[in-house]
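S.K.: The following block contains the structure, expressed as structure tokens.
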Amino acid sequence: MSGRRISFVIPSYNEEESLDQLHAELHAATQGAGLEIAEILFVDDGSRDGTWAKIQQLSLRDPLVKAIRFRRNFGKAAALSAGFGAATGDVVFTLDADLQDDPAEIPNFLAKLDEGFDVVSGWKRRRHDPWHKVGPSRIFNRMVSWVSGCRLHDHNCGFKAYRREVLDEVELYGELHRFVPVLAHARGFRVSEVVVNHRSRVHGRSKYGFSRFIKGFLDIMTVQFLSRFGQRPLHLLGGIGLVFIAVGVVGLLFLAGLWLLDRGPIGTRPLLPYSALLVGLGTQLICFGVLAELLTSYHIRDVKTYSVADRVGWSRVSPSVDSVEGRDRSSRPPDRGNSDA
Ligand code: UDP
Ligand code: MG
């Protein structure tokens, strides 16, 4: 891909001491490789130190520096989401502001994108973090890869590169920033990884503790549910509900048989409350599923339920289709909506 422009999105929360060096390293790395920067976009996530003042200084010196400042700390996913919305490059890099990610790796990410991948995630093979982070992280990564089918050694790494199209489709909120590759994979994008040099944190403090793994386990459930059943929740909830009801009904029929054949009292058998409970729970699950379908049907209008890899023949049909979508600068037709999902 020649002539591409690169955006850097850098979530920054109390990182004032690191920004000067990071900014210099980004320029050094891109100049060295002859790359064109679209913007270096800092998102100040409600810092309480001098981060914003530092960013303002940088933007006075360098017209490529752009920045967004949140009113309070909204979290890394929100910061990335704001950055993705504002980035204009063809390739968008995310990297942490704390200098742990080494900008010298940028060409390796681009080389991987050139192999045909849409998302390239960093893999901190040799990590410079305390053991109580590294151990749980291994288990977490194995589990996420296994559950999602998106096989990466290091889902947590903040250093990633995306083709623009990926970010136009993936919505981020909560703490789902760890799962952009998983969400992209679920939409059929090609995801890969490169080994990156990881450096120890020199300035400031880590913002995350052990609790991230617990939240991460819950979040992977959200991600899986959204990507597999987000548009058909009744299939999951109703499916489990029907199984419960079926098992409960078998139990009840068995008890009815005993009663009809006069084989003693059935009111004292544990099978009775268990079967009744299963029928009740199953009915409830189906009701939840129907409610979930109702909610989905309201919001699905705003969601693109499919992902288009390529098109052919459109520019001849209608030359004006290019301008339909603001960000879509190639000769592409509009494909928002869900008519043929
Ligand atoms: N960060 C953020 N908002 C937060 C927490 C973190 O923007 O609420 C940024 C932080 O400034 C850093 C990146 O996210 O640039 C990764 O955070 P950190 O280095 O603390 O994570 P760790 O490397 O310890 O996993
Ligand atoms: Mg860090």
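S.K.: At 0.36 nm per residue, and after removing the present C-alpha to C-alpha distance, how many nm does the segment from Arg263 to Arg138 gain when stretched out fully?
M.R.: Taking Arg263 through Arg138 to full extension adds about 39.4 nm, to one decimal.
S.K.: Just to confirm the filter: which trypsin sites (Lys or Arg not before Pro) across the range 4-97 are DSSP coil and have at most 14 other Cβ within 10 angstrom of their Cβ?
M.R.: When the trypsin sites (Lys or Arg not before Pro) of the range 4-97 are filtered for loop state and at most 14 Cβ neighbours within 10 Å, Arg48, Arg71, Arg72 remain.
S.K.: Just to confirm, what accessible area per residue do you get for the chain at 1.4 Å probe, in whole Å²?
M.R.: Using a 1.4 Å probe on heavy atoms only, each residue of the chain averages 53 Å².
S.K.: Starting from the 7 Å offset along Cα-to-Cβ, what nm value, one decimal, do you get for the label separation of Ser145 and Phe254?
M.R.: 4.3
S.K.: Taking Cα centroids, how far is the range 150-185 from the range 98-112 in Å?
M.R.: With the range 150-185 and the range 98-112 each reduced to a Cα centre, they are spaced 16 Å.
S.K.: With charges only on Cβ, +1 for K and R and -1 for D and E, what is the dipole size of the range 13-92 about its Cα centre, in debye, rounded to 20?
M.R.: 380
S.K.: In degrees from 0 to 90, rounded to the nearest 10, what is the angle of the helix 271-299 Cα long axis to the longest principal axis of the chain?
M.R.: 40
S.K.: Let me ask another. Of the peptides 155-167, 95-107, how do they stack up when ordered by the mean number of other Cβ atoms within 10 Å, highest first?
M.R.: Top to bottom by mean Cβ count within 10 Å: 155-167, 95-107.
S.K.: If you roll a 1.4 Å probe over the chain with all protein chains in place, what percent of the accessible area is carbon or sulfur?
M.R.: Carbon with sulfur: 59 percent of the solvent-accessible area.
S.K.: Separate question: Can you pull the one-decimal nm distance between simple spin-label points at Val195 and Asp302, each 7 Å off the Cα toward Cβ?
M.R.: The answer from the label model is 4.4 nm.
S.K.: So if each residue of separation counts as 0.36 nm, and I subtract the Cα-Cα distance between Arg311 and Glu169, what length gain in nm does that give?
M.R.: Computed gain between Arg311 and Glu169 is 49.4 nm.
S.K.: Helix 76-86 versus the longest principal axis of the chain: what is the Cα-based angle in degrees, 0 to 90, to the nearest 10?
M.R.: Roughly 60 degrees between the two axes.
The values are calculated or read from the model by the stated rules, or taken from the named source; none is laboratory data. On a predicted model such as this, the values are computed, not experimentally measured, just so you know. Every residue, glycine as well, gets a Cβ built from its backbone with ideal geometry; the counts of neighbours run over all protein chains shown. Side chains included, ligands, DNA and RNA excluded: accessible areas come from the protein's heavy atoms. Shrake-Rupley method; radii C 1.70, N 1.55, O 1.52, S 1.80 Å.
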